[in-house]
Amino acid sequence: MEIQKIQNNAVQQIIDAFTQQLVQGKLRPGDQIPTEVELSEKFGVARNTTREAIKTLVAMGVLEIRRPVGTFVCRGFTEPMLSPLLYGVILGRGDSYDELLDLREIMETGTMLTVIRNASDEEIASLSAPLEALREACRRDLPSVEEVFGRDDDFHEAVMALAHNRVVERIASTVRLMTHDMRHESVELMLHAGRAEELYEAHEKLYRILSRRDVDGVYREIRSTYFVPDKDNRVISLSER
């Protein structure tokens with residue numbers, strides 16, 4: 001590592017220095033970093049300051065401590081990397097329902113396009129199992145909101161897994177976590193309105209699009225499979241707004 005002495009705001013500057021080293025390729029995944037003592041001497045800061053910066057980078061999923069060997073740059077994507085993104089979006093979103101809808105649409109569209117590109121025919125055909133489970137839940141005499149919502153989630157999680165892209169899968173899961181309440185509300189309103197079959201058919205439409213590898217269909221149809229309340233709390237598809 002090429003290190004310059006720190007002047008002020010020491011913890012953040014150490015983090016920024018690591019970031020620059022990674023961006024410039026001077027630190028690479030799997031590299032071992034100097035010890036706390038060595039870093040403190042090179043940065044010209046107290047060991048507590050260096051330790052705090054390293055703890056932050058570990059929490060962010062950038063570094064990992066392998067006792068008793070040392071501290072290393074993580075290899076590839078790690079789960080903690082999404083935490084700052086998740087909380088940053090949650091805290092910054094305010095009450096913007098439409099912005100979350102946009103985010104959901106962008107992510108799910110991208111996920112489906114990635115599945116079309118990466119998944120085999122057999123893998124896409126395997127989606128018929130979670131789709132059938134959703135069909136059974138929707139066609140009960142008195143469909144349960146929690147059961148239908150759970151089978152809905154199972155279907156989308158199965159789709160995400162077929163992207164064969166860990167980063168896409170994790171970010172898509174994070175977006176689904178952030179939109180949990182709006183999706184649950186949509187399922188509840190649809191069932192209370194007696195439109196369980198329509199809810200199932202929307203998922204069947206997504207399955208057909210993937211089966212045909214219909215890229216145009218992803219852009220053309222995905223908005224019609226989102227159900228949202230209008231100003232009178234009636235359920236309409238997003239394409240009708």
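Things worth noting here:
- Estimated [θ] at 222 nm from DSSP helical runs (n ≥ 4, -39500 (n - 2.57)) normalised by residues in the chain, nearest 500: -19500 deg cm²/dmol
- Gaussian network model of the chain, springs between alpha carbon atoms under 10 Å - residue of I54, I116, I65 with greatest fluctuation: I65
- Computed Rg/Rh of the chain, alpha carbon atoms with Kirkwood Rh: 1.11
- The translational diffusion coefficient of region 102-241, from Stokes-Einstein at 37 °C and 0.692 mPa s with a Kirkwood hydrodynamic radius over alpha carbon pairs, comes to 217 µm²/s.
- Note on the chain: with a GNM built from Cα contacts shorter than 10 Å, the maximum mean-square fluctuation among P229, P143, P29 falls on P29.
- Projected area, mean over directions - region 147-188, Cα convex hull, nm²: 2.7
- With the whole protein complex present, R212 retains an accessible surface near 140 Å², based on a 1.4 Å probe.
- Solvent-accessible surface ranking, highest first, for E99, E201, E169 at 1.4 angstrom: E99, E201, E169
- Protein accessible area in the chain, 1.4 Å probe - carbon and sulfur %: 50
- Placing unit charges on the Cβ atoms only, positive for Lys and Arg and negative for Asp and Glu, gives the chain a dipole magnitude near 1080 debye about its Cα centre.
- Accessible surface of R28 - all protein chains present, 1.4 Å probe, nearest 10 Å²: 140
- Amide H partners (placed H, <5 Å) of V45, local residues excluded: none
The values are calculated or read from the model by the stated rules, or taken from the named source; none is laboratory data. Please read these numbers as outputs of a predicted model, since none were measured by experiment. Please note: Cβ atoms are built from the backbone with ideal geometry, for glycine as well, and neighbour counts cover all protein chains shown. Surface areas here come from the heavy atoms of the whole protein model, side chains and all, with no ligands, DNA or RNA. Shrake-Rupley method; radii C 1.70, N 1.55, O 1.52, S 1.80 Å.
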